[in-house]
Amino acid sequence: MPLNKYRYIVVEGPIGVGKTSLTQRLAERSGAQTLLEKPQDNPFLARFYQDPARYALPTQLFFLFQRINEVRDLAQMDLFSSRTVADYLFEKDALFARLTLSEDEYKLYQNIYQGLALQAPTPDLVIYLQASTPALVERVQRRGHSYERAISDDYLARLGQSYGEFFHHYSAAPLLVVNSDNLNFVDQDEDFELLLQRIQNMRGPREFFSMG
């Protein structure tokens, strides 16, 4: 099993890319527990998409505390007694903050974030799912979450660019960059098996996987 050597895997990528679905399938295959984002629990999120300037800070701080509580619990557990697959990387919280907050708000956020980030464990493997803006728009519309209806194409484009910049410099853990435009890991078993094979064949700290 190519996943056996990894105790803590993170699947990341912009909104709509399919990270939660892949997380659940990887966990099912490896017998791991899942650690999933809960955007529906954030009372500010829908209002943020309607009025970003007003609700960016409370939205971001809610996510920050929600995520640190979850990964801190994970860090306190014996990671060698069980496997975990998560659909978010704690460090990406700052990516959203930089994208959405004003300069003064971001300074305040950074003061809080820096004191919490040291408590987050480092994954054994990060899988970064890329997708083009049209693919993200189509996937967000298809899944139909009510709190995402106000997301603009421009926001998804800027988010995808921010993710690309973030992972261009990411070096904290082994990284597999996956272009998912032509891959469907949920409905196509062949695609999922190809991904597992690609994970098994990883040798370097940063590798890439794409199809056609």
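The values are calculated or read from the model by the stated rules, or taken from the named source; none is laboratory data. Because the structure is a prediction, the values reported are computed rather than measured. With ideal geometry, Cβ positions are generated from the backbone for all residues, glycine too; neighbour counts draw on all protein chains shown.
Looking at Leu125, Leu129, which is the one that is crowded, with 19+ Cβ neighbours inside 10 Å, within 18 Å of Phe167 (Cα to Cα), in contact with a Lys or Arg (Cβ under 8 Å, 6 or more places away or on another chain) and at pLDDT 95 or above?
Leu129
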Leu57 vs (1) assigned to a helix (DSSP H, G or I); (2) within 19 Å of His145 (Cβ to Cβ): all pass except (2)
Scanning the stretch 29-58 residue by residue, the ones that are over 20 Å from Glu70 (Cα atoms) and surrounded by fewer than 16 Cβ atoms within 10 Å (Cβ to Cβ) total 5
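Quick check, is Leu101 touching a Leu at 6+ places or on another chain (Cβ under 8 Å) and either over 24 Å from Arg139 (Cα atoms) or among the small types (Gly, Ala, Ser) (or both)? Talk me through it step by step, then tell me what you get.
Numbers: touching a Leu at 6+ places or on another chain (Cβ under 8 Å): yes; either over 24 Å from Arg139 (Cα atoms) or among the small types (Gly, Ala, Ser) (or both): yes.
When the stated conditions are applied, Leu101 passes them.
Residue-wise test of (1) free of Cβ contacts under 8 Å to residues at least 40 places away in the same chain; (2) touching an Asp or Glu at 6+ places or on another chain (Cβ under 8 Å).
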residue	(1), (2)
Lys107	yes, no
Ile112	no, no
Leu116	no, no
Val126	no, yes
Ser132	no, yes
Gly160	no, no
Every listed condition ((1) surrounded by fewer than 16 Cβ atoms within 10 Å (Cβ to Cβ); (2) within 29 Å of Ala94 (Cβ to Cβ)) holds for Leu176 save (1)
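Filter the stretch 137-171 for residues that are part of a loop (DSSP other than H, G, I, E, B) and surrounded by 13 or more Cβ atoms within 10 Å (Cβ to Cβ); which is farthest from the chain's Cα centre (by Cα)?
The selected residue is Ala150.
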